[in-house]
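Below you'll find the structure, written out as C-alpha cells, and then a few comments.
The values are calculated or read from the model by the stated rules, or taken from the named source; none is laboratory data. All values derive from a computational prediction rather than experimental measurement. Cβ coordinates were reconstructed from backbone atoms using ideal geometry, including for glycine residues, and neighbour counts include every protein chain displayed. Remember, those area values only see protein heavy atoms, side chains included, never the ligands or the DNA or RNA. Shrake-Rupley method; radii C 1.70, N 1.55, O 1.52, S 1.80 Å.
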Amino acid sequence: MRAVEHVFGLILRLYPSGFRRQYGDEMRSFVQARLGEPRYASPWGALGLVCHLLVDGIAGAVREHLVAFAASPSTTGAIPGRRAPVSHNEPPEELMATLVHDARYAVRTLRRRPAFTIVAAITLALGIGATSAIFGVIDTMLFRPLRYPAPDQIVVVSMTRGGSLREPPAYPDFLDWREQSRSFQSLGVTRSQSLNLTGRETPERLSGNFVSASLLRLLGAEPLAGRLFTFAETEVGTAAPVAVISEGLWRRRFGAEPTIVGSTIVLNGQQFTVVGIVPSTFAFFGGTDVYLPITYYPNNAGLTRKDHSMFVVGRLRPDVTLASADAEMRAIGARLAEQFPSENAGSAAHVESLHTLLVGDVRAPLYIVMGAVTLLLAIACANVANLQLSSAMARRREMSVRSALGAGRWRLARQLLTESVILSALGGLLGVAVAYAGVALLVSIIPIDLTFFSPIRVDGRVMAFAALVSILTGIVFGLAPAIHASRTNLNDALSTRTGGLSARIRGVEMRGVFVIAQLALSIVLLVGAGLLTRTLVKLQQVDLGFDTSNLLTMEFRLPATKYSQPQQVSDFFTRAIAEIRAVPGVRSAALVRAVPLSGNSDARAYAVAGAPEPDKGQAPVLQLNTVSPGYFKTIGLALVTGRDVNEHDDADAPPVVVVNETFARREWPNGSAIGQRIRFVDSDRWLTVVGVARDAKHFGPADQPTPQAYIPFMQMPQIFTSVVVRANRDAIALGPLVREAIWRVDRDQPVWKIRTMDSLVANTLGSKRVLLVLVGVFASVALLLAGVGIFGVMSFAVAQRTHEVGVRMALGASGGEVLRLIVGQGLRLTAFALLIGLAAAAGTTRLMASQLFGVTPSDPVTFALVPIVLCAVAALACYLPARRASRLDPLTALRRE
Amino acid sequence: MRSRELRPADFLPLTPAVLHILLALADGDQHGYAIAQAIEAVTDGTIRMGPGTLYGSIGRMVAGGLIEESSRSRGRSDDDERRRFYRMTALGRRVLESETERLARVVALARAKNVLRRPEPA
C-alpha cells in the first residue's frame, strides 16, 4: 500500500509546482482514501489502482502544463470562455514544455521516415501483441478465479492408492464421505456419460452428466426456467425420472419451446420429465446437454463399491482451510480402507482445489510459451534499437548542429528517447490489435476444456499489460541509441564530412552487441523449438503395435432398458457386424469396447492360477478390452502365438482370453502362456489363455508397456462398444454407410464419434503439436529478425568502410580477399553469439523437460544442428553486403572520400 | 475581475467532469473524495474519477468562479485535516441550470426526431 502512495508521489512531481502546492496534499489524502476501499485491497486491485493513477495522473499533468502555459502573462485574459482560466501564473516548468516539444519533433521525424517507422512499429506490434495475448491466457487460467461463485471454496475429492493421486471413487465412497466429513458445506457427485435421445426424428447422442442434487447447487447453477433437482430426486430409493437440460440443447433441439419444462423426453430408452433449464453461462465439463439423477447411471456395477468412476466436488465451509479438509478426508479414507478391505484396501482420500486440478498440466506449457514470447519481444527490441542506432548515426550531423546551437547532451538523448517511446506506443496500439487476433487464435487451438474458466479476452488487464510493456520496451530499446547520441563528439562530427572515426567505431561496436544479443536469444528459441520437434518426431516414430492407415472408428451405446439381457446385446452385435461387413468398400470390420487412443479404457485387478494369492489391494492390474472375432486382423495387431478369438467362443463355451506380450513375459517368463489360466479378483471364473498378441499402445505413444487382455465380447457382452472398419481406401467416406448399416439393425440407435485412426493419432499429439507450433513460429520470426539485424549491421559496416576497401583493392587485394574479410567479421559476431546462446540454452531447456519425450534437454543432435542453421543464416546475411564490397571499383571507392 | 464579467453561456458546453462535479455539489458542500464517490455512485461506476481529473477540474472551476472553498474547510476533527470542502457559487448554479436546459433541449430535439429508443414515461 505504501508503494502505491510512493508511486503517486512520483506522479505528483509531474505537475506544475503551483498546482502541486495548491492541491498536492488533498490529492494524497484522496489516494489514501481510495486505498482504504476494499476493491483495491488485493495485489491485483492495487495494481489496477496504480494503472488508473498513472493514466489519470499523466493526462492530468499534461493538461495542467498546457493550461498553465496558456495562462502565462501574454495569454491570460485573452481567452475567456468555455474552459475557465486558471490561477497559477508561475512560468510553465521547462520539463513539460520541452517534453511536448520533443514529442512534436519526434512525430515529425518519424513521419519523415515512413519506411523505418512502419517496419519498427510492426516489429514491436508483433512482439507486444503476442506477449499480451499470452499474458491474457495465463492471467485468466492461472490467476483468475473460476467462473463459479466463491470459486476458492470449490474442491475435488479423489481417492489415492499406491502411487496414484487421483483415482475416481465409487458412489458408496461418496455417501460415506458425505456422511462422515465436517469440512464441507456440501459435497456433490457427478459421472459423465453420453446419452441416447430418441423418440424424435433422428436419434441423437447427447453429452450427459449424472449428478447429485447438491452438485448443481454448490456450483451455483440458477435455473433459466423451471427448477433444479430436489435432494430426494437424486437419492437411491427416492429417485425420480427427472432431467435438467442446458439452454444450448433447449434452443438447438427443442426450438426454445417454453413448454419443454414439464414435458417428457426419452433418454437411454426411458422417459424423463424435464424439470428445469440451466443457462449457457453455467457450464461444467465442456458443455453438458443433460443432467440426470446419479441414480440413473446405467451400468451394471454402477453404484456399487466396485465401480470407481465418480467425480466428487465439494464446497468448503468458509472457515475451513484446504489443508484441514485434506487431513479430515485422509483420516476418513483410511477408516474406509479398513472397513472395506476388498475394495478400498490401501486407499485414502485427498482434497485439492478444482483450480489446481484443472491447471496442473497446462502450467508448464503456458510458462514455456510465455518465456518464448518474451525472448521474441527482447529480440524485437534489439532489432528496433539497431534500426534506431543506425538512423542515429546517419543523423549525427543533425545532432551535431543542434548541439552546436546550444542543445545539451541530455536534451539530445531525451529527444531520441522520446522518439523511441512514441514509436513503442505506436507499436503498442497496433499490438493490441495483434493481441485480439492472438487471443482468438490461442483460444481456438488450446487443447483444454475452457468451460470452467472466465472467458479469455482482451480486457483492461491485458490492455494495461500491453501499455506497460510498450513503455518499457520503448525505454529499453531507446536507451542505447540515446546514450550513444549523447556521447557524440561535436568536433568529430563536424570536422569531416563522414564523421569521426571514434564515434563511428563506438556505434558499430554497440550495434555488434545488439546483433550478438539477438542471435544468442534466437539460439535459445531455436533450441527449444528443436527439442519439441524432436519430441514430436520421436512420438510419431513410436510403433503403436497396429496399422493406423484407412482405419475408421465409431462408438455406440445400447440403451440398457431395451437391451437388458446379455443375449439381446450379443444378437445386436452379431447382426450389426454382419451388416457392416456387407457395406461395399469395407475390407474387414470388428467390434471392440475401447478403441486404442480413443480415451476409453477399462482396468481390472487379476490373479494367476498357480501363483500365490496377492494381498487385497495389491493385485496387479491389466488393461481389459472385449473384442469380436476378427478384431486383431482388422486393426493389424499381430498374434505372436496361439489363436484369435472366434465365433465358437460364445457364452456356452469355456471362457478364454488373449493376452499381450508384456503380460506373458511378466507372468510366465520361462514357459509358454498358452493354456495358463487367470481370473479377475472380483470374479471366480477362470479364463484360459489361448493366444498372445503384440503390445498395443492404448492411450498414446508415450505409454509404458502394460499387461493387456482381450476377452471375446460374446462371453462378456456390454452395452457400450466401438466399431473398427478397415477400408480399402478413404476410410472417412465410409462413415455414413456404416452408420446406415447399424440403423438397419436398430433405427433408434445413435452412432457417434465417427473418426479415423489417423485423427485419433493426431489428437494424442495435439497439445505437443500446439506447443511446437507456437514455439516454432516464435523461433522462426526470431531467426528472421536476427538475420535482418546482422544484415543491417554488415551493410552499414561495408558502407562505412568503402574507403578502406578501396585502398585495400588499390593495393592489390582481390575481391575474394575482401569477401573473406567482411564475412569473417560477421562470423566472428556469430561465434560470440553461439557461445553465449548455447550456454543460455543449456541453462534454460531443463525447464521444459516435462514436455519432452525421447530426448534429453541437452540433446546433442539439437545442440549440434542449431549452430549450423544459425551460421548458415548469418553467413548469407553477411555474404550479400560483402559481395557488394568485393565488386567495388577501387577508383570509385576512393573518389567518394 | 474575470469571473464577474463572464456569463453562464460562456462556459457551455461543460465537460462531463465539470458537469458531474456541479451536480454532486448541488446536494451540499463536499470534499474531493466525497465528490468522486458521489459521482461514481450516481453513474453506477461508469465514471471513476482519478485525483488528476478531479483536482484539475476543481482548480479550473475555482479559478472560473463556479465553485469556492466552503467555510466548513479544515473544520471538523473527525476529518482528515488536509481535506477542503467545496461549495457551488451562484454563478456555478446558473451555469449548471443553463447546461441542464441546453441538454434538455437536446433531448427534446432527439425525441422529436425519434432517435430515443424508449418513449417518454407518462
Number of positions in the stretch B:21-32 that are more than 23 Å from A:Val4 (Cα to Cα) and at the interface with chain A (Cβ under 10 Å from one of its Cβ atoms): 0
Residue that is modelled with the highest pLDDT, among those in the stretch A:16-49 that are more than 12 Å from B:Pro51 (Cα to Cα) and of a type in the set (Phe, Trp, Tyr): A:Phe19
Any hit, the stretch B:76-98, residues being in a helix (DSSP H, G or I), within 14 Å of chain A (Cβ to nearest Cβ), open to solvent by 50 Å² or more (accessible area, probe 1.4 Å) and modelled with pLDDT under 90: no
Qualifying residues in the stretch A:26-61 (those that are open to solvent by 80 Å² or more (accessible area, probe 1.4 Å) and closer than 16 Å to A:His6 by Cβ) - the one nearest to the other protein chains (Cβ to nearest Cβ): A:Arg28
Residue within the stretch A:294-310 that is open to solvent by less than 10 Å² (accessible area, probe 1.4 Å) and in contact with a Gly (Cβ under 8 Å, 6 or more places away or on another chain) present: no
Residue in the stretch A:205-215 that is surrounded by 16 or more Cβ atoms within 10 Å (Cβ to Cβ) and more than 20 Å from A:Val275 (Cβ to Cβ) present: yes
Enumeration of residues in the stretch A:755-779 that are free of Cβ contacts under 8 Å to residues at least 40 places away in the same chain and of a type outside the set (A, V, I, L, M): A:Ser759
Residues (under 44 Å from the mean Cα position of the chain (by Cα) and open to solvent by 70 Å² or more (accessible area, probe 1.4 Å)) located in the stretch A:565-581: A:Arg581
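One line per residue, one yes/no per condition, for (1) under 27 Å from the mean Cα position of the chain (by Cα); (2) modelled with pLDDT of 85 or more; (3) in a helix (DSSP H, G or I); (4) within 20 Å of A:Ile122 (Cβ to Cβ):
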position	(1), (2), (3), (4)
A:Ala425	no, yes, yes, yes
A:Thr451	yes, no, no, no
A:Ser470	yes, yes, yes, yes
A:Phe477	no, no, yes, yes
A:His484	no, no, yes, no
A:Asn491	no, no, yes, no
A:Ile516	no, yes, yes, no
Pairs, first away from chain B (no Cβ under 12 Å) in the stretch A:1-25, second outside any helix (DSSP H, G or I) and open to solvent by less than 80 Å² (accessible area, probe 1.4 Å), C-beta under 8 Å, six or more apart: A:Ser17/A:Glu90; A:Ser17/A:Glu93
Residue selected from the stretch A:701-716 under the condition in contact (Cβ under 8 Å) with a residue 12 or more places away in the chain, out of contact with any strand residue (DSSP E or B) (no Cβ under 8 Å at 6 or more places or on another chain) and open to solvent by 20 Å² or more (accessible area, probe 1.4 Å), by the criterion nearest to A:Ala590 (Cα to Cα): A:Met714
Every residue from the stretch A:317-369 that is among the polar types (S, T, N, Q) and open to solvent by less than 40 Å² (accessible area, probe 1.4 Å): A:Asn344, A:Ser347, A:Ser353
Which numbered condition A:Arg409 fails, given (1) modelled with pLDDT under 85; (2) touching a Leu at 6+ places or on another chain (Cβ under 7 Å): (2)
Selected residue (criterion: farthest from the chain's Cα centre (by Cα)) from residues of the stretch B:10-20 that are in a helix (DSSP H, G or I), within 13 Å of chain A (Cβ to nearest Cβ) and closer than 10 Å to B:Leu96 by Cα: B:Phe11
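Could you tell me how many of the residues in the stretch A:664-717 are among the β-branched types (Val, Ile, Thr) and farther than 22 Å from A:His648 by Cβ?
Going residue by residue through the stretch A:664-717, those that are among the β-branched types (Val, Ile, Thr) are A:674, A:678, A:681, A:688-690, A:692, A:706, A:711.
Now drop any that are not farther than 22 Å from A:His648 by Cβ, which leaves A:681, A:706.
Going through the stretch A:664-717 one residue at a time, the tally reaches 2.
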Selected residue [under 30 Å from A:Ala378 (Cα atoms), at pLDDT below 80, under 45 Å from the mean Cα position of the chain (by Cα) and not in a loop (DSSP other than H, G, I, E, B)] from A:Val773, A:Val788, A:Val823, A:Val798: A:Val798
Subset of the stretch A:840-862 (residues that are over 14 Å from A:Val775 (Cβ atoms), open to solvent by less than 60 Å² (accessible area, probe 1.4 Å), touching a Ser or Thr at 6+ places or on another chain (Cβ under 9 Å) and assigned to a helix (DSSP H, G or I)): A:Ala842, A:Ala849
In the stretch A:254-288, residue modelled with the lowest pLDDT [restricted to those that are open to solvent by 30 Å² or more (accessible area, probe 1.4 Å) and within 23 Å of A:Thr561 (Cα to Cα)]: A:Gly269
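Yes/no per residue for (1) part of a strand (DSSP E or B); (2) more than 18 Å from A:Asp650 (Cα to Cα); (3) of a type in the set (Lys, Arg):
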{"site": "A:Gly545", "(1), (2), (3)": "no, yes, no"}
{"site": "A:Thr548", "(1), (2), (3)": "no, yes, no"}
{"site": "A:Leu552", "(1), (2), (3)": "yes, yes, no"}
{"site": "A:Pro559", "(1), (2), (3)": "no, yes, no"}
{"site": "A:Lys562", "(1), (2), (3)": "no, yes, yes"}
{"site": "A:Phe572", "(1), (2), (3)": "no, no, no"}
{"site": "A:Val583", "(1), (2), (3)": "no, yes, no"}
Candidate set: the stretch B:33-73, residues that are away from every other protein chain (no Cβ under 11 Å), open to solvent by 50 Å² or more (accessible area, probe 1.4 Å) and polar (S, T, N, Q); chosen: the one nearest to B:Arg87 (Cα to Cα): B:Ser71
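List the helices (runs of 4 or more DSSP H) inside the stretch A:94-197, counting only whole elements, that have at least 1 residues being touching a Leu at 6+ places or on another chain (Cβ under 6 Å) and surrounded by 15 or more Cβ atoms within 10 Å (Cβ to Cβ).
A:114-138, A:171-180
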